[in-house]
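Read the figures in this text as sums done on the coordinates, not as results from a lab. The structure presented is a predicted model; accordingly, all values stated were derived computationally and were not measured. Note: ideal-geometry Cβ built from the backbone for every residue, glycine included; neighbour counts use all protein chains shown.
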Amino acid sequence: MAEQPLADVIVLFGGTGDLAQRMLFPSLYFLDADGFLADGFRIIATARAEMSREAFRAQVKDAVGGRGGASGLDEKVWARFEARLDYVGADATTPEGAAELKVAIGPAKTPIFYLALSPSIYGRVCAALAAAGLATPQTRIVLEKPIGRDLASSKVINGAVAQVFAEESIFRIDHYLGKETVQNLLALRFANVLFEPLWNNLTIDHVQITVAETEGVGDRWPYYDEYGALRDMVQNHMLQLLCLVAMEPPSDMEPDSVRDEKVKVLRSLRPVTRADVQAVSVRGQYTAGVVSGESAAGYATERGQPSETDTFVALRVDIDNWRWAGVPFFLRTGKRLPERRTQIAIQFKAVPHSIFDAAAKADLQANRLVIDLQPDEDIELLMMNKAPGLSEGGMRLQSLPLSLSLAKAYSGPNARRRIAYERLILDVIAGNRTLFVRRDEVERAWEWIDGVADAWRESGMAPKPYAAGSWGPSGAFALIERSERAWYD
Ligand code: BG6
């Protein structure tokens with residue numbers, strides 16, 4: 001990739017919003033603390049509300065302080081960070097609003113416009129930026145999900161942005177790609193010689209991807225009720241994880257090398273049809289229950305009325321290509337599950353023949369590679385091993401993990417658990433698009449998701465209830481048991 005100039009200003013649209021306050025400002029602060037922001041780099045927040053720069057800085061200080069944990073804010077770093085911060089109260093969908101921003105941006109040459117806004121106004125904001133002369137080839141535009149609710153609406157949004165910006169200037173965020181262990185998946189697969197020869201249907205039996213959350217939807221329902229787990233989690237984060245597991249080795253880390261391989265996987269996903277939707281998918285919605293020892297209301301109660309929205313989805317996904325033919329990928333995600341866990345498990349096949357006698361043979365388990373992304377960042381390879389000691393009737397076998405715990409292996413400043421947005425913002429500043437999602441990826445993913453949603457609708461598949469604190473409706477167990485496999489709980 002040709003060297004890109006470093007960005008010199010970031011403008012956060014939706015600067016008073018939840019995402020900016022919880023994630024984006026703390027990420028920028030931590031980048032500053034670690035010396036990643038150049039001296040003249042500026043941060044301008046914009047939203048409709050009128051507010052003084054001082055009041056805004058105080059608001060950001062609270063937000064960042066809340067994230068600082070036990071160490072709190074470092075006053076020296078804060079003083080430097082605060083001096084970078086500015087606020088402009090403006091309506092960014094109008095040329096006048098964009099003109100006000102232009103004044104605040106001043107002579108900066110490589111601006112980042114980060115749209116933490118409702119995607120329905122991306123097009124208008126881009127048009128206003130163009131009208132104010134702020135859409136130059138140097139400009140970088142960052143788009144948050146959800147980019148649409150289906151293929152048709154995502155094309156409208158992408159199309160409106162493309163009227164103003166070239167694809168090379170667009171950075172579509174999927175914050176899962178900024179997570180340390182997700183990038184570690186690339187290191188594990190492509191920086192080791194061990195796995196790649198085994199990474200196929202000759203040796204792998206199936207793959208499980210779980211994204212379990214204990215939190216409910218709470219007051220996010222006005223957004224969530226329109227989307228549900230399929231559109232909120234599977235379309236983006238889970239399909240991205242699946243792509244990184246399933247893609248062919250790219251020739252290098254250039255943005256298009258990696259993204260070309262991911263798109264090929266998305267194109268190979270077997271469409272879900274009305275005929276097989278009952279067999280390969282489960283929809284659920286939580287009812288009242290107990291999570292982590294505390295009682296939790298059902299989704300319909302939070303929503304204030306009955307709803308057909310899924311808060312849990314399990315899917316069997318088949319990838320129709322040479323590498324993965326016959327290897328199902330089982331995906332499940334849900335809110336109000338018993339624990340927070342994001343995990344990828346690669347289940348290898350059993351040994352083709354056992355040389356052991358009956359007792360040891362019964363102990364034999366197939367190898368499994370378990371990649372934990374959250375809450376802990378661990379990689380474990382389960383290996384068979386001789387159980388120590390003497391036993392009548394010959395040796396016994398036991399499965400033990402070869403374990404890579406990132407927390408134990410690394411200490412010092414680099415080991416700090418980072419917000420996924422830190423990596424991604426740093427990459428936008430550097431102009432590196434490898435960890436961002438290309439338009440065709442988003443659209444292929446929607447195309448496949450639309451197939452699932454259409455099949456649900458055509459076959460009248462409503463979400464099945466599951467008690468908060470359980471692992472989803474019983475159908476989720478049946479889904480995987482039909483192929484004589486089981487979830488790792
Ligand atoms: C977001 C979804 O994209 O990801 C949320 O909109 C979800 O519903 C969140 O809770 C999960 O992210 P993380 O990083 O907490 O696993």
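Remarks
- Count Lys and Arg as plus one, Asp and Glu as minus one, and take only other residues whose Cβ is under 11 Å from that of Asp205; the net charge is then +2.
- Extension gain, Leu198 back to Lys386 (0.36 nm per residue minus Cα-Cα distance, nm): 65.4 nm
- Summing charges over all other residues whose Cβ lies under 12 Å from the Cβ of Val217, with Lys and Arg as +1 and Asp and Glu as -1, gives -4.
- Overall Cα dimensions of the stretch 9-144 - principal axes, largest extent first, Å: 45, 26, 26
- Normalised by the number of residues in the stretch 1-160, the mean separation of alpha-carbon contacts (under 8 Å, six or more apart) gives a relative contact order of 27 percent.
- Over all pairs of different C-alpha atoms in the chain, the reciprocal of the mean inverse distance, the Kirkwood hydrodynamic radius, equals 24.4 Å.
- Exposed-site-free run, longest, the chain (rule: GluC sites (Glu not before Pro); DSSP loop; at most 11 other C-beta within 10 Å): 51-391
- Packing-based exposure ordering (other Cβ within 10 Å, fewest first) of Lys361, Lys76: Lys76, Lys361
- Relative contact order (percent, whole number), the chain, Cα cutoff 8 Å, 6+ residue spacing: 19 percent
- Each principal axis of the Cα atoms in the stretch 273-399 has its own extent, and those three values, largest first, are 63, 42, 27 angstrom.
- Under a model in which nothing but the beta-carbon of Lys, Arg (+1) and Asp, Glu (-1) is charged, the chain shows a dipole of about 220 debye around its Cα centre.
- Relative contact order, percent, the stretch 354-489 [alpha-carbon distance under 8 Å, six or more residues apart]: 13 percent
- Using the rule -39500 (n - 2.57) for each DSSP H run of four or more residues, divided by the residues of the chain, the 222 nm mean residue ellipticity is -10000 deg cm²/dmol.
- For Ser281, Ser153, order by how many other beta-carbon atoms lie within 10 Å, fewest first: Ser153, Ser281
- Using distinct alpha-carbon pairs, which all enter the 1/r mean, Kirkwood radius of the stretch 396-486 in Å: 19.0 Å
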